[in-house]
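Below is one structure; the comments refer to it alone.
The values are calculated or read from the model by the stated rules, or taken from the named source; none is laboratory data. The structure displayed is predicted, hence computed values, not measured ones. No Cβ is skipped: glycine too gets one built from the backbone with ideal geometry, and neighbour counts run over all protein chains shown.
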Amino acid sequence: MNMSNPNEIRALATVSDPRWEAVAARDPAADGKFFYSVRTTGVYCRPSCGARPARPENVDFHATAADAERAGFRPCKRCKPDQPALAEQHAAQVAELCRFIERAEEAPTLAQLAERAGLSSYHLHRIFKEVTGLTPKAYAAAHRAKRVRLELARSDTVTDAIYDAGYNSNGRFYESSNKMLGMTPTAWRAGGANTDIRFATGECALGAILVAQSERGVCAIALGDDPDALVRALQDQFPQARLIGGDAAFEELVAKVVGFVEAPGLGLDLPLDVRGTAFQQRVWQALREIPAGTTASYAEIARRIGSPKSVRAVAQACGANAIAVAIPCHRVVRSDGSLSGYRWGVERKSALLEREASAA
């Protein structure tokens with residue numbers, strides 16, 4: 001290469017910039033992080049723009065759209081970099097639909113939601129799940145489950161709670177009550193009375209570990225220093241349930257969890273009894289989609305579930321998670337990559353991340 005040629009010098013500077021790789025790959029993950037302009041056309045674009053690839057010697061990078069416009073470039077009519085990114089538009093659209101679902105007396109149909117959003121049913125279903133991790137139907141069911149729990153706690157009778165939560169008949173509620181609550185509604189009101197929960201404690205590299213399972217699946221995985229303290233915490237969580245010490249078969253389940261803690265590369269696929277609000281379930285589903293050996297920030301999780309301003313609520317949902325490692329809240333960190341609080345201790349969080357990184 002003749003380095004005396006200004007075009008060749010500019011081209012080399014561009015391709016040497018790590019941002020060029022994102023432009024060449026049209027990487028949507030880079031959208032919003034920077035913009036690029038093309039001297040020959042006088043426009044600036046998002047990294048993901050589908051326009052004809054520009055020659056590197058004609059490209060400049062800009063931190064913001066305002067910077068590109070101050071440099072004399074106009075927004076591309078194809079990728080519209082002066083407007084919110086498509087992912088942000090989808091997130092805002094889905095967030096509004098979530099509020100609509102929560103306010104509705106009856107769960108809206110997919111067709112009704114699609115009409116409200118101005119999208120086809122297929123497209124709406126796809127972007128709703130991309131943003132929240134749940135289908136519209138599953139989101140509506142999770143929200144209704146939250147309302148049922150609230151009403152069971154404050155209504156005089158189970159029947160009152162069912163109707164106050166928006167069900168038109170007892171039959172419709174009881175069709176899904178066990179899946180929703182993990183037990184009968186009467187047992188839920190009584191703190192888990194007449195419900196069997198099997199549990200066992202063990203030891204792992206991170207200290208004591210407790211695994212508990214209802215009929216639906218694993219409802220608690222806890223870590224700590226004192227196994228007796230872990231059992232007492234389980235009793236507090238289900239004060240009226242029958243806690244049954246695990247048999248040999250259940251001990252195998254505990255061994256499987258311990259094996260995952262010791263060697264994350266083994267993976268962990270368990271049936272879970274996940275109980276939480278609609279928002280918490282959206283967060284926990286997003287956590288389960290973070291690959292082992294990687295992390296995500298609270299802000300990233302908030303954006304993924306369509307609530308970009310709910311960073312603090314995401315952190316609270318992580319803190320409310322009762323199922324360690326299977327719902328990997330340890331993979332969520334601050335925006336600068338530093339470790340924040342962890343229900344079972346920051347040292348354990350650090351150790352889990354180190355093990356997963358080395359196994360990746």
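If the condition is being assigned to a helix (DSSP H, G or I), touching a helix residue (DSSP H, G or I) at 6+ places or on another chain (Cβ under 7 Å) and touching a residue at least 40 places away in the same chain (Cβ under 8 Å), then region 253-266 contributes F260, P264, G265. With respect to S37, determine if the residue is modelled with pLDDT of 90 or more, farther than 30 Å from F128 by Cβ, out of contact with any helix residue (DSSP H, G or I) (no Cβ under 9 Å at 6 or more places or on another chain) and not aliphatic (A, V, I, L, M). In short, no.
Of the candidates V325, V332, the single residue that is surrounded by 14 or more Cβ atoms within 10 Å (Cβ to Cβ), within 23 Å of A220 (Cβ to Cβ), of a type in the set (V, I, T) and more than 13 Å from the chain's Cα centre (by Cα) is V325. Checking every residue in region 42-52 against the condition of being out of contact with any Pro (no Cβ under 9 Å at 6 or more places or on another chain), part of a loop (DSSP other than H, G, I, E, B) and either crowded, with 17+ Cβ neighbours inside 10 Å or at pLDDT 95 or above (or both) gives at least one match. Within region 334-355, residues that are under 21 Å from L268 (Cβ atoms) and touching a residue at least 24 places away in the same chain (Cβ under 8 Å) sit with their Cβ atoms under 8 Å from residues that are of a type in the set (V, I, T) and surrounded by 11 or more Cβ atoms within 10 Å (Cβ to Cβ), at 6+ positions apart or across chains, in these pairs: L352/V261; L352/V325; L353/T295; R355/V261. In region 292-313, of all residues being among the aliphatic types (A, V, I, L, M) and in a loop (DSSP other than H, G, I, E, B), the one that is surrounded by the fewest Cβ atoms within 10 Å (Cβ to Cβ) corresponds to A292. The condition of being touching a strand residue (DSSP E or B) at 6+ places or on another chain (Cβ under 7 Å) and either surrounded by fewer than 18 Cβ atoms within 10 Å (Cβ to Cβ) or part of a helix (DSSP H, G or I) (or both) holds for D82. With respect to being more than 22 Å from E347 (Cα to Cα), at pLDDT 75 or above and in a helix (DSSP H, G or I), L234 fits the description.
Q89 meets the conditions (1) over 24 Å from the mean Cα position of the chain (by Cα); (2) free of Cβ contacts under 8 Å to residues at least 40 places away in the same chain in every case but one. The failed one is (1). If I filter region 97-114 down to residues being at pLDDT 90 or above and surrounded by fewer than 14 Cβ atoms within 10 Å (Cβ to Cβ), which single residue comes out as farthest from Q281 (Cα to Cα)? Per the criteria, the residue is A111. Against the condition surrounded by 18 or more Cβ atoms within 10 Å (Cβ to Cβ), part of a helix (DSSP H, G or I) and either among the aromatic types (F, W, Y) or in contact with a Cys (Cβ under 9 Å, 6 or more places away or on another chain) (or both), how does F250 come out, does it pass? No. Only residues that are assigned to a helix (DSSP H, G or I), of a type in the set (D, E, K, R) and over 24 Å from the mean Cα position of the chain (by Cα): list them for region 103-132, please. Result: E115, R116. Here D269 passes the criteria (1) in a loop (DSSP other than H, G, I, E, B); (2) within 22 Å of P227 (Cβ to Cβ) except the one numbered (2).
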